[in-house]
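Here's the structure, in structure tokens; my notes come after.
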Amino acid sequence: MRRASNLASSVLSRTVAATYYGGSNTGAVHHRLFQVALYCTGSTSSRQHWTSRFCNSFSGRAAALGVAGALVSVAAATSISEEVYAKERPPQELLPKDVVLYQYEACPFCNKVKAVLDYYDIPYKVVEVNPISKKEIKWSEYKKVPILTVDGEHLVDSSDIINKLSSKILPNKKVGLASGDGNEEDKWRRWVDSHLVHVLSPNIYRNTSEALESFDYITNNGNFSFTEKITVKYAGAAAMYFVSKNLKKKYNITDERAALYEAAETWVDALDGRQFLGGSKPNLADLAVFGVLRPIRYLRSGKDMVEHTRIGEWYTRMESVVGESSRIKAEA
């Protein structure tokens, strides 16, 4: 099976090179194709496990998922009080004045950062990065996303971004995944980066139809030329179908859906009857789980997850409290 997967990837890369680059620069095409497909960057601990073989090897981006539209029942929506689930806005004097997020729209780690920005109602501009040329971040020595600039300061790595941003807007709150003090919030943030993200890719590329569904979202919402859209959608979906099989073996996953359902149930158990892990309002762990899951929620895998686990009510509450995006239009 491994030989077949490697052969398929090799043939695929040569095919893309012949059709898109005129048969030259095969290695670069293979490299960039996987950049489009794979997760971009999470926390330091996440990269040591999740991206050591793929993202660091291919300097890659998150294979990503997508939000196709919100289908929340009227009964569930009307039962949520806006007064109870309201955004938290830091004092005006603590709000950053100029925030720009360099991202891939479908990247789960970028969505972690956006969940925090949206929940705390921090206005931010978005620059969608082309994952092949990366011309939008030519200025940066760090060639992954997300990159967040806050009043001229450049922040990288999703969990580190959240830590530093939180310290600016929540000066009395202790944050940090490396504290090792047994803090419940930090424990579950680490779980997101070290476990939850591992089960996503095998699910969204579980079969050819789901791989195409995922890449349809990536290409429709990403920053690609017309030719790149066609190449990435079909070549990327085919490549990632085989890569997902290797990911299953790497992380000892025998049943993709069962692993996803187990992760969802583990999170609900952690809530222990609370509305959020943070109690009556979300904390950074709630926002991390929500951010990572938001891109897949309305893909086939996300729909199955909500249908077959207890996570749906919590997710609906999170959708309500995070609310409308605080992003504003920006020119790349």
The stretch 268-290, residues that are in contact with a strand residue (DSSP E or B) (Cβ under 8 Å, 6 or more places away or on another chain) and assigned to a helix (DSSP H, G or I): 286
Residues that are polar (S, T, N, Q) and open to solvent by 30 Å² or more (accessible area, probe 1.4 Å), drawn from the stretch 112-145: 133
Matching residues, the stretch 291-332, being in a loop (DSSP other than H, G, I, E, B) and acidic (Asp, Glu): 324, 331
Hits in the stretch 268-294 (condition: touching a residue at least 60 places away in the same chain (Cβ under 8 Å), open to solvent by 20 Å² or more (accessible area, probe 1.4 Å) and over 21 Å from the mean Cα position of the chain (by Cα)): 278, 280, 281
Selection within the stretch 221-264 - buried (at least 17 other Cβ atoms within 10 Å of the Cβ), assigned to a helix (DSSP H, G or I) and β-branched (Val, Ile, Thr): 231, 232, 243
Any chance residue 327 is farther than 19 Å from residue 124 by Cβ and in contact with a strand residue (DSSP E or B) (Cβ under 9 Å, 6 or more places away or on another chain): no
Selection from the stretch 153-166 of residues that are open to solvent by 60 Å² or more (accessible area, probe 1.4 Å) and under 12 Å from residue 99 (Cα atoms): 153, 154
Pairs where the first residue, in the stretch 130-155, is under 22 Å from residue 327 (Cα atoms) and the second is aliphatic (A, V, I, L, M) and in a loop (DSSP other than H, G, I, E, B), C-beta under 8 Å, 6+ apart: 136/129; 136/332; 137/129; 137/145; 145/129
Pairs, first touching a residue at least 60 places away in the same chain (Cβ under 8 Å) and more than 15 Å from residue 299 (Cβ to Cβ) in the stretch 218-235, second aromatic (Phe, Trp, Tyr) and in a loop (DSSP other than H, G, I, E, B), C-beta under 7 Å, six or more apart: 222/104; 232/224
Total residues in the stretch 194-220, condition outside any helix (DSSP H, G or I), within 17 Å of residue 242 (Cβ to Cβ), of a type outside the set (Lys, Arg) and open to solvent by 10 Å² or more (accessible area, probe 1.4 Å): 1
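The values are calculated or read from the model by the stated rules, or taken from the named source; none is laboratory data. Predicted model, so just to flag it, every value in this text is computed and none were measured. Cβ atoms come from the backbone with ideal geometry, glycine included; neighbour counts cover every protein chain shown. Just so you know, the surface numbers come from the protein's heavy atoms only, side chains and all, with ligands and any DNA or RNA stripped out. Shrake-Rupley method; radii C 1.70, N 1.55, O 1.52, S 1.80 Å.
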